[in-house]
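Each value in this text was obtained by applying a stated rule to the coordinates, not by laboratory testing. Predicted model, so just to flag it, every value in this text is computed and none were measured. Cβ placement follows ideal geometry from the backbone for every residue including glycine, while neighbour counts extend to all protein chains displayed.
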Amino acid sequence: MSDNAHQTDVIIVGAGPVGLFAVFELGLLGLKTHLVDILDRIGGQCAELYPEKPIYDIPGIPVCTGQELTDKLMEQIAPFDPQFHLSEMAEELTRLDNGHWRLKTDAGTVLEAPVLVIAAGGGSFVPKKPHLEGLDDYEGESVFYAVRQMERFRDKSVLVAGGGDSALDWFIALQPIARKIALVHHRDGFRAAPHSVEAMRAIVAEGKGELHIAQMKGLEGTAPHLTGVRLEGKETGAFVHECDMLLPFYGLTMKLGPVAEFGINLEQNLIPVDTAKFESNVPGIFAIGDINTYPGKLKLILSGFHEAALMSQAAFKIARPGERLRFQYTTSSSELQKKLGVR
Amino acid sequence: MKILVTDGHGVEHEIEATDGWTVMEMIRDAGLPIKAECGGSCVCATCHVIVEADWFAKLPEKTEEEVDMLDLALEVFDTSRLSCQIEFDPSLDGLKVTLAPDAIM
Ligand SMILES: Cc1cc2nc3c(=O)[nH]c(=O)nc-3n(C[C@H](O)[C@H](O)[C@H](O)COP(=O)(O)OP(=O)(O)OC[C@H]3O[C@@H](n4cnc5c(N)ncnc54)[C@H](O)[C@@H]3O)c2cc1C
Ligand code: FES
């Protein structure tokens, strides 16, 4: 045991639909869970990529949106009181002397449990990075993909890149703080909310901010200190926009990330598992949902739900060695109904 | 019927085309390393291709949804398209596209 570590039965990496349903199946067996997700919200792909699009193949639910499915799962697992660690990347895994897992996040949270479940889907959601030479060397000092502290941008010359809500929202929010603010987008059209587009255009019309219809071609400066960004527009041609901060907003992409360093066998960035327990090659580490692979695998939510149920049986044997597992239906078991808080 | 797809190394691949399939689906089915993270739902822009100019002119117009989603492409070219939004029909036999850097796995 370590100081300040959260002790639990099962650590789940990924709060997508499959990680969420695993909370339910594990909870029925009396196992407590902590979940880690790099996103600031729950729901994985359903919440991030298609909150408003319909899903038609969840058994028993003829149609629901990605967000509705997430909300329903949250309602279903509420009795088990899962603990969420959001906006945190599961980063470092070690095995303790007692055989338990110790997982550390990039925010310094430490979790310890006998079982680790990887429900990492297509990988962690990370910002898309523009293809600009040397970009990495400027990150953290001059280039940011999110605004954590607005004060960092005070009296700076800030260039925001992109045409969606995040780009426009930050252009508007940082305008009063920054010494100079500019927006660069490849076309004079924006997929952001109409009132944001109006607010942005007003700032530009009043001369309080610049709008460049151009694309980014390169960075100027001595890393990590940016002095400008090379832009190229159809009408303006190539020019250097002087600035000391760059905020690119091109949405998120899925990258396997630190899970690759956990010492688990991988096959083309997927975790091979057996189909009885959905355990990886490392005993005590399970993989369910889009992240795993086995003969016949289909990347469907319903497959992940099935995998979560079988995984839970095997996880129980590790978390509660020597205890007997009773197979029961939620319909008729008063014990399960008590756990669900319906009795 | 076929389409021609140039990969990240500049190598051209001739792919069997299927009527009614999208260009993204044909590229993925052929085993080329296209990300297509959202599986063709027009919400990710990681199926971005650059269409050869002559062919670009022959394609049906982009929908508003596709124009919006192309904003998430890291660099947009004059003939950029999202390959999951191009449905193949026999008039596109011989279509030539190049995988954009942000579409490559
Ligand atoms: C547009 C679209 C439409 C779809 N429609 C359907 C449909 O109709 N029916 C269907 O069955 N499926 C559909 N799918 C597929 C379905 O969404 C996925 O199968 C499902 O989301 C997989 O769930 P998951 O929990 O395994 O992973 P995900 O939903 O991918 O969630 C994984 C989570 O893990 C997090 N994560 C990963 N690594 C780390 C780390 N190291 N640290 C912290 N967090 C991490 C990620 O940030 C992510 O939030 C669709 C997918 C898309 C994109
Ligand atoms: S596959 Fe996502 S937009 Fe085409």
Item to check | Average other protein chain Cβ within 10 Å of Cβ, residues B:44-57 | outcome: 1
Item to check | Ranked packing of A:68-74, A:18-24, most packed first, by mean Cβ within 10 Å | outcome: A:18-24, A:68-74
Checklist outcome for this item: Expected sort for A:Tyr329, A:Tyr294, A:Tyr250 with the fewest Cβ neighbours (10 Å cutoff) up front is A:Tyr329, A:Tyr294, A:Tyr250
Checklist entry - What does the helix-only formula give at 222 nm for chain B: each DSSP H stretch with n ≥ 4 adding -39500 (n - 2.57), the total divided by the residues, and the result rounded to the nearest 500 deg cm²/dmol? => result -4500 deg cm²/dmol
Checklist entry - Quick one: which of A:314-321, A:104-111 comes out on top by average Cβ neighbours within 10 Å, and what's the full order, highest first? => result A:314-321, A:104-111
Next on the checklist: From the alpha carbon gyration tensor of segment A:246-319, can you work out the equivalent ellipsoid semi-axes (sqrt of 5 times each eigenvalue) and give them in Å, largest to smallest?
Outcome noted: 26, 15, 12
Checklist outcome for this item: Per residue of B:66-78, other chain Cβ atoms within 10 Å number on average 6
Checklist outcome for this item: Along segment A:67-76, Karplus-curve 3J(HN,Hα) (6.51, -1.76, 1.60; θ = phi - 60°) to the nearest Hz, with x for Gly and Pro, reads 6, 5, 4, 4, 4, 5, 5, 4, 5, 5
Item to check | Burial ordering of B:Cys38, B:Cys84, fewest other beta-carbon atoms within 10 Å first | outcome: B:Cys38, B:Cys84
Checklist entry - For segment A:171-257, what does the alpha-carbon gyration tensor say about shape, rounded, prolate or oblate, given a ≥ b ≥ c as the root eigenvalues, a/c under 1.5 as rounded, and a/b over b/c as prolate? => result rounded
Checklist entry - For peptide A:290-299, how many partner chain Cβ atoms fall within 10 Å of a residue's Cβ, on average? => result 0
Item to check | Cleavage-rule hits (GluC sites (Glu not before Pro)) in segment A:274-333: DSSP loop, at most 16 neighbouring Cβ within 10 angstrom | outcome: A:Glu323
Checklist outcome for this item: Cα convex hull volume per residue for chain A, in Å³, equals 174
Checklist entry - Which one of B:Cys47, B:Pro101, B:Ala73 is farthest out on the positive end of the charge dipole of segment B:7-105, using unit charges on Cβ (Lys, Arg +1; Asp, Glu -1) and the Cα centre as origin? => result B:Pro101
Checklist entry - Gap in Å between the Cα centre of segment A:194-253 and the Cα centre of segment A:260-327? => result 46
Checklist entry - Arranged by the count of other C-beta atoms within 10 angstrom, fewest first, what order do B:His13, A:His195, A:His186, B:His48 take? => result A:His195, B:His13, A:His186, B:His48
Checklist outcome for this item: Rounded to whole angstrom, the alpha-carbon centroid of segment A:88-165 lies from that of segment A:41-75 at a distance of 25
Checklist entry - What FRET efficiency comes out for the pair B:Glu52/B:Thr18, r = Cβ-Cβ distance, R0 = 25 Å, nearest 0.05? => result 0.80
Item to check | Inverse mean reciprocal Cα-Cα distance (Kirkwood Rh) of segment A:105-223, Å | outcome: 16.5
